[in-house]
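Asks: I'd like to ask you about the structure that follows.
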Ligand code: SF4
């Protein structure tokens, strides 16, 4: 699984990086960013799906 954040949609609410801090972080402006190249460790996949479903801006995209 890989994950990305569309920076044009993200409004920085922070749900992703507070829910899955091993995968997401915030940049200097408080916008969500993906750590590394976006490859999701197997033990984080469920959390990342939860983040995708709960992002208020629909900014998180998952590819399998
Ligand atoms: S939850 Fe969505 S809107 Fe909020 S910081 Fe993460 S990607 Fe951005």
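Asks: What is the list of residues in the stretch 48-64 whose amide nitrogen lies under 20 Å from a point 7 angstrom out from the Cα of residue 2, following Cα to Cβ?
Replies: 48-53, 59-64
Asks: For the stretch 15-55, calculate the relative contact order in percent as a whole number, restricting contacts to Cα pairs under 8 Å that are 6 or more residues apart.
Replies: The value is 44 percent.
Asks: Ok, one more. Extending each Cα 7 Å along its Cβ direction at residue 18 and residue 53, get the distance between those two points in nm, one decimal.
Replies: If labels sit at residue 18 and residue 53, their model points lie 1.9 nm apart.
Asks: A further question on this structure: Test of understanding: express the Cα radius of gyration of the stretch 2-51 as a ratio to 2.2 N^0.38 Å, with N the residue count.
Replies: Against the compact-globule rule of thumb, the ratio is 1.03.
Asks: Quick one: if you stick a label point 7 Å off each Cα along the C-beta vector at residue 46 and residue 28, how many nm between them?
Replies: For residue 46 paired with residue 28, the spin-label model returns 3.8 nm.
Asks: Give me the angle, in degrees from 0 to 90, between the Cα long axis of helix 45-54 and the longest principal axis of the Cα atoms of the chain, rounded to the nearest 10.
Replies: 30 degrees
Every number here is computed from the coordinates shown, using simple stated rules; none is lab data. Not measured: the values here are computed from a predicted model. Virtual Cβ from ideal backbone geometry, glycine too; neighbours counted across all protein chains shown.
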